[in-house]
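Reading through the structure tokens given below for one structure.
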Amino acid sequence: EQGDMLAQSQLGDMYRDGKWVEANIEEAIKWYKLAGENGDREAIYYLGYLYYRGDGVEQSYKEAYYWFSKDDFYDIPNYICGDMYFHVDQNYEQALACYRKSLKDDGYEYAAYKIGEMYYYGLGLEQSYDEAVKYLKYFEDEFDERFVDAVPEKVHYMLAELYKNGWGVEQDLELAEKL
């Protein structure tokens, strides 16, 4: 309560983890916000991540962006940076750079879905159904039948539209209907 950001951050950890005291996300956020406003990197990261994922709070990319940007996106995974630029700033060029880096350097397949979506809609680059198919299929192929529900509906929708209309692929109405 006297403004020690390390103590504030540690209290946030304690309430988040529920290791030393009963877990209480509201209390964790209260202490993380105090520490984050004082510049504590760990608190800033946890607050951004809690809002990004919607863990115990209403998901808010805008709120996540606010916290992550307080530390210039320090040590934030590339895909999260991409999502911040994509959803909040709508800076698609920057988002694309982050997603490509995430796919190349981190091997994070989610980035392929977002790149495919950007090509599909022509967000920040020239629309290309050929490229959309390439990235969306790459993403979908990472999941086998057991995990088909893990693939976002939007991926199935975009691929179905591509196959239905023969955009970037040979038209296949049966596969389109299945998707």
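All of the numbers you see were taken from the coordinates with simple rules; none came from a lab. Computed from a prediction, not measured in an experiment: that's the story for all the values here. Heads up, the Cβs are rebuilt from the backbone with ideal geometry, glycines too, and the neighbour counts pull from every protein chain shown.
Can you give the FRET efficiency for H156 and I25, using 1/(1 + (r/R0)^6), R0 = 35 Å, r = Cβ-Cβ distance, to the nearest 0.05? List each step's numbers first, then the result.
Numbers: r = 33 Å, r/R0 = 0.94.
Here the calculated transfer efficiency is 0.60.
Between the beta carbons of Q59 and L173, assuming R0 = 41 Å, the FRET efficiency works out to 0.70 to the nearest 0.05.
Label point of E1 set 7 angstrom out along Cα-Cβ; within segment 42-74, no amide nitrogen lies under 19 Å from it.
Between segment 83-135 and segment 1-77, the C-alpha centres lie 28 angstrom from each other. Peptides 65-73, 32-40 ordered by packing proxy, namely the average of other Cβ atoms within 10 Å per residue, highest first: 32-40, 65-73. Near F73, once Lys and Arg are set to +1 and Asp and Glu to -1 for all other residues with Cβ below 12 Å from its Cβ, the sum equals -3.
Quick one: how many lysine pairs does segment 4-150 have with C-alpha atoms less than 13 Å apart and a gap of 8 or more or different chains? Give me the count, please. Each step should come with its number before you reach the end.
Values: K33/K70; K62/K70; K101/K114; K114/K134; K114/K137.
Summing the qualifying lysine pairs gives 5.
Quick one: among E161, E109, E117, which has the greatest mean-square fluctuation in a GNM of the chain with alpha-carbon springs under 10 angstrom? Result for the chain, Cα springs under 10 Å: E161 fluctuates most.
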